[in-house]
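Data first, discussion second: the structure below is written as structure tokens.
Any read-out appearing in this document is the output of simple, stated calculations on the displayed coordinates, not a laboratory observation. Remember, predicted model here, so these are calculated numbers, not experimental data. No Cβ is skipped: glycine too gets one built from the backbone with ideal geometry, and neighbour counts run over all protein chains shown.
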Amino acid sequence: MKALVFNGPGKIIYEDFPDPRLEDDRNMIIAVKKCSICGSDLHPYHGDHIGPRDYSQPMEPFCTGHEMIGEVVEVGKAVRKHRVGDLVMVEAGRGCGECLPCRRGQINLCTGYARGIIATAYGLSAELHGGHAHYVQVYNADLGAQRIPDGLTEEQAVLLTDALPTAYYGVKQAKVRAGDTVVVIGQGPVGLMAAEAAYAVGAARVYTVEPNPARRAKSAAFGAIPLAPEVAVPTILQDTKGVGVDAVIDAVGKEVTIRQALKLTRMGGHVAIVGIIQQDTAVPLFYSQMKSITIHTGIVGIASLWPELLPLLQHGRLKGENVFTHYFDLKDGAEAYRLFAAQADGVMKVMLRV
């Protein structure tokens with residue numbers, strides 16, 4: 001088959017790669033139809049150091065991509081929910097299916113694999129090849145995949161595999177309720193959808209903080225109040241008469257944005273950090289404690305949120321797919337990565353067609 005293969009920082013190559021073969025009776029093979037590029041896919045591309053994984057160092061090549069939908073072409077003997085020909089969306093990570101977190105639907109906390117997010121997410125290492133390929137093996141298919149329900153576009157289905165649940169997880173973790181005032185820091189795809197989701201659950205006012213003017217304009221289109229980072233704190237504190245906001249969702253995860261989030265949150269408020277924190281940061285915990293701010297972190301259990309998100313999409317309370325700005329064929333994936341990494345040509349999110 002053909003696939004986009006990571007061969008080192010900045011080296012995503014469209015090349016021949018071995019076809020996947022079923023390794024377990026619980027697994028299945030899908031022919032990938034669409035797979036987007038996630039911000040997390042850029043960590044290998046940039047040679048970042050994430051937890052124990054240093055992508056700047058030589059490593060075994062692997063197929064990238066974890067936000068995928070496709071058609072089932074082969075199923076293991078133990079697969080019960082899927083049949084050849086089904087069009088499915090795939091949870092971005094795998095779980096063993098047997099540990100307590102997996103039985104609760106929290107694949108993200110799987111202790112069976114227990115080697116962290118790099119080992120349990122598709123397309124981030126050679127342990128689990130990803131969906132920027134003609135075919136991919138889906139592990140524990142009954143647990144980690146679902147037929148695409150009626151009333152969903154293919155773009156929405158792709159978003160449900162990672163980005164949209166991550167955004168919605170931030171809203172839930174930040175305890176956003178009807179009437180709340182909310183800030184979302186970062187207006188990449190996850191931040192933009194978090195702002196939309198905050199309104200969907202009843203937020204009265206949503207501020208968005210983003211240095212890129214084009215991305216700020218995206219959130220303004222559905223009623224958010226967009227601000228540049230340098231004016232966000234004084235403007236929001238003035239608007240709230242010095243009190244701060246009920247909830248802040250940090251979709252960036254850098255020390256500067258975490259500190260900004262804590263400044264903007266009212267006493268007793270909530271901060272949810274859904275942007276990947278690449279390294280330990282110095283956070284003013286004394287200041288946070290004195291304000292009784294609750295700080296939430298974590299990686300979303302993607303499939304566990306599908307029952308809540310599906311009705312929001314099917315009834316039009318969430319759209320989501322407006323984040324896609326560029327489409328490429330898989331063979332042009334190297335150019336898609338270059339564009340996405342450079343944030344060029346007004347790119348927000350890229351979809352690859354297989």
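Between Leu22 and Leu100, what FRET efficiency comes out of the Förster formula 1/(1 + (r/R0)^6) with R0 = 41 Å and r the beta carbon distance, rounded to 0.05?
Working: r = 27 Å, r/R0 = 0.65.
The value I calculate is 0.95.
Note that segment 150-159 has calculated 3J(HN,Hα) couplings of 4, x, 10, 7, 5, 5, 5, 4, 4, 4 Hz, one per residue in order, obtained from phi through the Karplus relation 6.51 cos²θ - 1.76 cosθ + 1.60 (θ = phi - 60°); glycine and proline are x. Among beta bridges identified by DSSP and lying wholly in the chain, the antiparallel ones come to about 60 percent.
What does the charge dipole of segment 166-296 about its Cα centre add up to, to the nearest 20 debye, if the Cβ of each Lys and Arg holds +1 and the Cβ of each Asp and Glu holds -1? Don't skip to the end; give the middle numbers.
Working: 13 positive and 9 negative charges, 39 e Å.
Dipole size: approximately 180 debye.
Put the Cα centre of segment 24-38 next to the Cα centre of segment 63-99 and the gap is 6 Å. Relative intensity of segment 166-296 on a log10 scale, I(q)/I(0) at q = 0.12 Å⁻¹, equals -0.36, per a Debye sum over C-alpha point scatterers of equal strength in the absence of solvent. Modelled this way, with points 7 Å down the Cα-to-C-beta line, the labels at Glu308 and Thr111 are 2.4 nm from one another.
Annotation: amide H of Cys96 within the under-5 Å range of Gly112, Tyr113, sequence separation 5 or more or interchain, hydrogens built in the peptide plane.
Legend: distances between Cα atoms for Lys34/Lys77; Lys33/Lys218; Lys172/Lys349; Lys81/Lys349; Lys175/Lys263; Lys11/Lys33; pairs beyond 29 Å are Lys81/Lys349.
If only the Cβ of Lys and Arg carry +1 and only the Cβ of Asp and Glu carry -1, the dipole of the chain around its Cα centre is close to 1020 debye. For the chain, the calculated P(r) over all alpha carbon pairs, in 20 Å bins from 0 to the bin holding the longest distance, is 31, 58, 11, 0 percent. Looking at the chain as a GNM with Cα springs under 10 Å, which of Ala232, Ala261, Ala204 has the largest mean-square fluctuation? Maximum among the listed residues: Ala204.
Okay, helix-only estimate at 222 nm for the chain: each DSSP H run of n ≥ 4 adds -39500 (n - 2.57), divide by all residues, round to 500 deg cm²/dmol; what do you get? So the helix-based figure for the chain works out to -7500 deg cm²/dmol.
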